[in-house]
Amino acid sequence: MNTDTVRPAVTELRLSAFKTHRGVTLPLTRLTLLSGESGSGKSSALQAYEILARLGSGEPLARAVGEVAGSPAACVPAGARPDEQGRRGFRIGCTVDGPAGPVSLDLAVQAEPELRIVGERLTGGGETLLTTALTDPNRPTVQAAWHTAGTTPVTRAPLPDDRLGTSLLPLRVAGKTEGQRLVLAAAEQVVVALRSTFVCDPRPEVMRGVGTGGTGGAGQDGGCGADGAGGAGRGAGARRSGRGAGSGGGPGKPGGAGGTAGAWGARKRMGSGGGEAGSWGHDAEGSRGEGRLRSSCDNLPAVLERTSQECARRHAVLVAAVREACAGPVEGLRAVPRQAGGTGHGAADAAGVAGPAGSSGPQGGAVGVRAVLDRGALGELPVEQLGDGELRFLALALVLLTGPEVLAMDPVGEVPSAHQQMTVMADGMDRCMDPRQARELVSLALRMTDRGHVRLLGTVRDPSVAEGLPGVQVLHLGV
């Protein structure tokens with residue numbers, strides 16, 4: 001049962017019947033890019049993964065499907081005909097590798113006339129570990145049976161039809177027999193991998209149109225409030241946040257210094273010598289009240305203020321990457337106080353970019369922060385004046401260089417961070433970018449994923465941005 005994969009990771013996505021996909025299996029490596037013509041199913045593949053991730057995080061089925069696809073009917077394959085009872089649905093699944101070996105999860109979801117999980121199957125170690133089936137359409141439950149391998153080979157009990165049964169097994173299985181322990185190990189492996197997901201969709205129009213308060217702010221627009229991020233409310237444009245934990249430590253090259261700095265979100269510091277320092281996971285001092293990056297990245301300045309203070313070496317890697325992607329000189333990147341009444345940094349304040357509800361500070365004084373590029377002799381440039389491609393590059397690079405405590409996601413706190421790795425999902429990864437910017441971003445992602453703490457699943461319009469980069473898997477859909 002042991003494999004070389006210590007940290008659980010989704011290594012295969014199955015789209016048995018989902019939107020435009022039928023009988024499709026996608027192998028996933030540490031860095032997988034999906035390409036294809038418009039309508040080939042790139043985005044829908046990521047949506048299927050996100051639905052699984054949300055279910056693995058404990059979300060009810062209606063919310064998982066609604067937040068991702070809008071409606072259950074939108075997930076049903078085109079042309080699928082209802083049966084005699086008017087039922088239509090979709091089927092998705094995945095394989096997760098880890099300490100328990102390959103574990104497969106497959107779901108059958110009824111979308112119409114009523115949304116419910118009508119079948120679930122968890123297999124691993126040569127055993128069927130869990131099966132569920134809808135036996136009474138009038139009850140909001142399914143009949144579940146899980147592997148016991150004791151005096152009673154199988155345990156049967158009802159489970160709710162709107163939750164992932166695999167995520168509920170730790171609450172129902174005692175772990176007294178070898179079979180039960182196998183079930184628990186497999187279920188934990190799947191849940192950890194699915195929860196360790198951050199969906200990133202930087203939205204330049206929101207990053208420009210909505211200012212952000214300083215760290216710890218909360219209010220109507222939510223200083224850190226995206227799905228349990230610690231603040232009140234949601235920021236405008238924060239459509240959804242990923243779930244899970246983790247980020248990777250990538251090889252830093254700032255100023256010619258060797259070694260790797262600890263990822264943001266960990267308070268450990270690097271000593272005077274080279275080598276790695278810090279964990280990629282949790283902040284022992286607690287940082288729930290500080291800025292955590294939302295999916296839309298609309299609160300980037302507040303997060304940048306935090307990360308630049310927590311890890312100078314990793315911040316230098318970010319600055320070096322931005323320097324390669326942006327037009328004109330880039331000598332630094334930092335957060336500065338935003339002044340009320342337009343008395344702050346000239347052009348951006350004059351443009352009327354205001355701080356959100358929940359920003360702190362006395363009237364007429366500093367109100368939150370804004371991010372600026374240091375252009376050397378050319379002065380400072382507020383990042384909201386960058387082009388769309390430059391803004392998206394900055395946000396995605398920041399995500400690739402962060403830890404779970406910096407992202408608006410639900411860390412898997414019960415599992416040591418060394419046993420986790422995060423999957424970043426980026427639909428339209430090269431959107432708004434020129435080929436040079438997109439290739440620089442893929443190169444940065446490759447350096448980070450090589451460390452083994454972070455994975456990336458993205459979609460690109462131009463697969464040539466990955467040509468000649470070893471370790472990047474490009475899957476062409478619709479061929």
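What follows is calculated from the coordinates using simple rules that are stated; it is not laboratory data. Bear in mind that the values here come from a model prediction, so they are computed numbers and not experimental data. All Cβ positions, even for glycine, are placed from backbone atoms using ideal geometry, and neighbour counts span all protein chains on display.
If the Kirkwood radius is taken over C-alpha pairs of the range 9-195, then at 20 °C and 1.002 mPa s the Stokes-Einstein diffusion coefficient equals 127 µm²/s. In terms of other Cβ atoms within 10 Å, 199, 454, 68 run from fewest to most in the order 68, 199, 454.
For the range 61-136 versus the range 3-55, the inter-centroid distance based on Cα atoms is 14 Å. By the beta-carbon count within 10 Å of each Cβ, the least crowded to most crowded order of 311, 326, 297, fewest first, is 326, 297, 311.
Extending 7 Å from the Cα toward the beta-carbon at both residue 85 and residue 450 defines two label points whose distance is 5.4 nm. Computed extension length for residue 133-residue 181: 15.0 nm, one decimal, from 0.36 nm per residue of separation with the Cα-Cα distance subtracted. Between residue 312 and residue 73, the contour length at 0.36 nm per residue exceeds the Cα-Cα span by 81.3 nm. Going from the residue with the fewest nearby Cβ atoms within 10 Å to the one with the most, 19, 42, 176 rank 176, 19, 42.
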